[in-house]
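Single-structure report; data block below.
Nothing in this text is a laboratory measurement; each read-out follows from the coordinates by a stated rule. Computed from a prediction, not measured in an experiment: that's the story for all the values here. No Cβ is skipped: glycine too gets one built from the backbone with ideal geometry, and neighbour counts run over all protein chains shown.
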């Protein structure tokens, strides 16, 4: 069985993440499967964005965190 490698790109604005991603695409081609960060998936799916759709609040944070964990398959009922 082939081993799947995971590469995580993280960093601030203009930190070179997109440049590294382009280099990885050149190196690995179709074998590279980029996955967006959890917040991007949620916001593009309609989860309200603080400062744009609603004001940030503790209630928003308490709803957002379980949604992120759910994307990763974490059972939030046991937390």
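Rounded to the nearest 500, what is the 222 nm mean residue ellipticity of the chain from helices alone, with -39500 (n - 2.57) per DSSP H run of 4+ residues and division by all residues? My calculation for the chain gives -12500 deg cm²/dmol from helical runs alone.
On a 0 to 90 degree scale, rounded to 10, what angle separates helix 58-71 from the longest Cα axis of the chain? Compared with the principal axis, the helix lies near 40 degrees. Here the extension length gained between residue 27 and residue 39 equals 1.6 nm, from 0.36 nm per residue of separation less the Cα-Cα distance. Each residue, residue 54 and residue 75, gets one label point 7 Å from its Cα in the Cβ direction; the gap between the two is 2.8 nm.
Please state the shape class of the chain: rounded when a/c is under 1.5, otherwise prolate if a/b exceeds b/c and oblate if not, all from the C-alpha gyration tensor. Here the chain falls in the oblate category. Rounded to the nearest 10 degrees, the angle from helix 17-28 to the longest Cα principal axis of the chain is 40 degrees.
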